[in-house]
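The values are calculated or read from the model by the stated rules, or taken from the named source; none is laboratory data. Since the structure is predicted, the reported quantities are computational estimates derived from the model, not experimental observations. Using ideal geometry, Cβ is built from the backbone for each residue, glycine included, and neighbour counts are taken over all protein chains shown. Areas reflect the complete protein model, heavy atoms only, side chains present, ligands, DNA and RNA absent. Shrake-Rupley method; radii C 1.70, N 1.55, O 1.52, S 1.80 Å.
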Amino acid sequence: MGNTDFERVHSVAIPPPQPFSKSLKNNLKETFFPDDPLRQFKNQPPARRFILGLQYVFPILEWGRKYSLDFFKADLIAGITIASLAIPQGISYAKLANLPPILGLCVSYMIQHL
């Protein structure tokens, strides 16, 4: 008795089926562009679009003015921490795979920048 009352009160309607092409388009859009990356450009004058485009390609133009010495110190500590972990790990994995250590460092660098 308790389960049927719960199911009736909290039931959710199943959406109607969509055509395959529309479903595929929506799935691909959600996979490759989860958020519309160009939404900030909509309804903007051309000069503002140009500035937003530069900031999109070069993000430092947006946050560079707010960057302080405290942020630099924190970034430096984070960089040293990651390097102190990634360098030995890359060398170790390369040795484990009987590869030259430089390959482990290169792969570690590439993985950090993906």
Self-check item: Two-site label geometry, TRP63 and ARG49: point separation in nm, points 7 Å out along Cα→Cβ
Solution: 2.7
Self-check item: Vicinal HN-Hα couplings computed from phi for the stretch 94-100 (Karplus, 6.51 cos²θ - 1.76 cosθ + 1.60; Hz; Gly/Pro x)
Solution: 5, 5, 4, 8, 6, 10, x
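Roll a 1.4 Å probe over the protein chains and send me the accessible area per residue for the chain in Å².
Numbers: 10480 Å² over 114 residues.
Value for the chain: 92 Å² per residue.
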Quiz item: Which whole number of Å³ per residue matches the convex hull of the alpha-carbon atoms in the chain?
Solution: 344
Quiz item: Nearest 0.05, what FRET efficiency do ILE102 and THR31 give at R0 = 35 Å with Cβ-Cβ as r?
Solution: 0.50
Quiz item: Considering only protein heavy atoms and a 1.4 Å probe, what is the carbon-and-sulfur percentage of the accessible area of the chain?
Solution: 68
